[in-house]
Amino acid sequence: MPTSHVKRAYKFRFYPTAEQAEMLARTFGCVRKVYNLALAARTEAWALRQERITYNQTSAMLTAWKRTEDLAFLNEVSSVPMQQALRHLQGAFTNFFAKRTKHPRFKSKHKSRASAEYTSSAFRYRDGELTLAKMEQPLALVWSRPLPDGAVPSTVTVSRDASGRWFVSLLCEDPGVGPLPVLDTAVGIDAGLDSLVTLSTGERIINPRQERKDRERLARAQRGLARKAKGSKNRAKARVRAARIHARIADRRRDFLHKLTTRLVRENQTLVIEDLAVRKMIKNHTLARAISDASWTEMRSMLEYKCDWYGRDLVVVDRFFPSSKLCSACGSLAGRMPLNVRTWTCGCGTTHDRDVNAAKNLLAAGLAVSACGDGVRPQRSTPGGRSSVKQEVVPPQRQRAATQPRG
């Protein structure tokens, strides 16, 4: 069930003055420098002495670094974002030692995300104006939507993307997020490429293929970038032009997925999806570009947290469940079925659309999970999500089919 108080991030664009942009750029650099220094110290201590350095020890190191001549520039920016970077590093090592993630990596000046996190002691929010530490003027925010009534940000994250746009994310408690009225509807969702999703009701949501719309412009911009001499100002300008096209594609894709997932969550009590191995699927170089553009992983993440917010049930069916080859009418399992086979006829005489049939089978498996409380194996961090195959009383032929691997 959703928590009583949901913390929600509200992201807004802002336009800094020249002085603010310079200060923030220095802050980003100091955050990256402190993170890398602490990571090097912790890695060395573990390699030489098998010693685990804690956050408190790295915080003391930061104080010592500020007193040295080489790192005196760290005093020019707020200390809070640097302390937050050390906390993030501590979390990364905690996950590493718990074998949930790989070893933390050093931040790159050109590849890492430029961001800084401020806690409540390092910013002032009054009358709709946000002023950060070490700054005299408030940020010129574009309030595209209002914050919840009475909401006070607990954390502020400032970032700059590759196209040069500045954003601020305000983390607030949103009392308006809560369980929606309980419904008696359930839907199976089959992800695809021609149709982004096919529902068990037979409805198809066409894949907008956002990247394809700007592919020609993107290719032209990338060719121009490749011609520019490395390190030149013209190359920097060309990089920004290409980054703006990428940002335009990502914004359109994110907007479409938000609208789609919100609609699905509002209209259904139970949503059933398949656990797709996207990382392995994009190794197919023929389909990698189309799969990446579909952004199935981002769609799943949106469904996860929105179901958690609004009291819906999200069931994740095991990736080896033969949803496409299993007849939703009689339960018999078909033989090998290549991707180019879009319709097929079962021995019982039923003609199936491949995607609609898969969605119906996913729904049946998901309802079995709800009825039996089944959860075969853990998934990646899935709030309320479970992985399973269908496990209720079914005809013998379907029981045999559900135990066979997917072809």
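The values are calculated or read from the model by the stated rules, or taken from the named source; none is laboratory data. Being a predicted model, the structure only gives us computed values, none of them experimental. Every residue, glycine as well, gets a Cβ built from its backbone with ideal geometry; the counts of neighbours run over all protein chains shown. The area values use the complete protein model at the heavy-atom level, side chains included, leaving out ligands, DNA and RNA. Shrake-Rupley method; radii C 1.70, N 1.55, O 1.52, S 1.80 Å.
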Notebook entry, point to check: If we only count strands (runs of 3 or more DSSP E) wholly inside region 311-356, which ones have 2 or more residues that are open to solvent by less than 70 Å² (accessible area, probe 1.4 Å) and closer than 28 Å to T185 by Cβ?
Noted result: 313-317, 351-353
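Within region 12-60, track down each residue that is outside any helix (DSSP H, G or I), surrounded by fewer than 17 Cβ atoms within 10 Å (Cβ to Cβ) and either at pLDDT 95 or above or among the hydrophobic types (A, V, I, L, M, F, W, C) (or both).
Residues satisfying the conditions are R13, Y15, T17.
Return yes when A226 is out of contact with any Gly (no Cβ under 8 Å at 6 or more places or on another chain), assigned to a helix (DSSP H, G or I), open to solvent by 20 Å² or more (accessible area, probe 1.4 Å) and of a type in the set (A, V, I, L, M) and no when it is not. Lay out the reasoning, then the answer.
Numbers: out of contact with any Gly (no Cβ under 8 Å at 6 or more places or on another chain): yes; assigned to a helix (DSSP H, G or I): yes; open to solvent by 20 Å² or more (accessible area, probe 1.4 Å): yes; of a type in the set (A, V, I, L, M): yes.
Spelling it out, A226 is indeed out of contact with any Gly (no Cβ under 8 Å at 6 or more places or on another chain), assigned to a helix (DSSP H, G or I), open to solvent by 20 Å² or more (accessible area, probe 1.4 Å) and of a type in the set (A, V, I, L, M).
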Note to self: Please determine whether any residue of region 250-257 is on the phi > 0 side of the Ramachandran plot and surrounded by 20 or more Cβ atoms within 10 Å (Cβ to Cβ).
What the structure shows: no
Check: Among strands (runs of 3 or more DSSP E) lying entirely in region 61-167, which contain 2 or more residues that are open to solvent by 80 Å² or more (accessible area, probe 1.4 Å)?
Finding: 123-126
Notebook entry, point to check: Q397 versus (1) at pLDDT below 80; (2) assigned to a loop (DSSP other than H, G, I, E, B); (3) surrounded by fewer than 17 Cβ atoms within 10 Å (Cβ to Cβ): which is the lone unmet condition?
Noted result: (2)
Next item on the list: Take region 193-209 and flag every residue that is free of Cβ contacts under 8 Å to residues at least 60 places away in the same chain, in a loop (DSSP other than H, G, I, E, B) and either open to solvent by less than 40 Å² (accessible area, probe 1.4 Å) or touching a Gly at 6+ places or on another chain (Cβ under 8 Å) (or both).
Entry: P208
Next item on the list: Could you grab me the full set of residues in region 249-286 that are in contact with a helix residue (DSSP H, G or I) (Cβ under 7 Å, 6 or more places away or on another chain), touching a residue at least 60 places away in the same chain (Cβ under 8 Å) and either among the acidic types (D, E) or in a loop (DSSP other than H, G, I, E, B) (or both)?
Entry: E274, L276
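Listed residues F96, F106; which is closer than 30 Å to D251 by Cβ and out of contact with any Asp or Glu (no Cβ under 7 Å at 6 or more places or on another chain)? Spell out the reasoning first.
Details: F96 fails: closer than 30 Å to D251 by Cβ.
Going through F96, F106 in turn, just one is closer than 30 Å to D251 by Cβ and out of contact with any Asp or Glu (no Cβ under 7 Å at 6 or more places or on another chain): F106.
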Margin query: Which of the numbered conditions does L130 fail, given that it passes all the others? Conditions: (1) out of contact with any strand residue (DSSP E or B) (no Cβ under 7 Å at 6 or more places or on another chain); (2) more than 21 Å from N75 (Cα to Cα).
Written below: (1)
